[in-house]
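Heads up, the thing below is written out as structure tokens.
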Amino acid sequence: MLLLYLITEGSAVGTKKFVYDIWGDSVNIASRMESHGIPGKIQVTKTSYELLQDEFVFEERGEITVKGVGKITTYFLCGKNQKI
């Protein structure tokens, strides 16, 4: 199973029951990637692609527009690189 983590800004409120509030570009990008996703496909950002491209095979999807950020290039994860 592949898990990708997003760096976000956030806060915890309360002393007995903590309530978390997360915001920032990472949350906005994740939301847009989810809404622009295709069922059955794993979509990653260019940063994730660049970190994982030696271990996995990707197909460039193209650009999606992220409100407040602009256009970002995304990729679909196709599988593990068999050359490793």
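The values are calculated or read from the model by the stated rules, or taken from the named source; none is laboratory data. Owing to the predicted nature of the structure, the values given are computational and were not obtained by experimental measurement. Note that we place each Cβ from the backbone using ideal geometry, even for glycine, and neighbour counts take in every protein chain shown. To get the accessible areas, we keep the full protein, side chains included, count just its heavy atoms, and leave off ligands, DNA and RNA. Shrake-Rupley method; radii C 1.70, N 1.55, O 1.52, S 1.80 Å.
Overview of values
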read-out: Total residues in the stretch 58-84, condition of a type in the set (A, V, I, L, M, F, W, C), surrounded by 15 or more Cβ atoms within 10 Å (Cβ to Cβ) and touching a Phe, Trp or Tyr at 6+ places or on another chain (Cβ under 7 Å); value: 3
read-out: Residues that are out of contact with any strand residue (DSSP E or B) (no Cβ under 8 Å at 6 or more places or on another chain) and part of a helix (DSSP H, G or I), drawn from the stretch 49-63; value: E50, L51
read-out: Residues that are within 21 Å of G24 (Cβ to Cβ) and in a strand (DSSP E or B), drawn from the stretch 64-78; value: I64, T65, V66, G70, K71, I72, T73, T74
read-out: Qualifying positions in the stretch 25-57 - open to solvent by 60 Å² or more (accessible area, probe 1.4 Å), within 17 Å of C78 (Cα to Cα) and not charged (D, E, K, R); value: I38, P39, G40, I42, T47, L51, Q53, V57
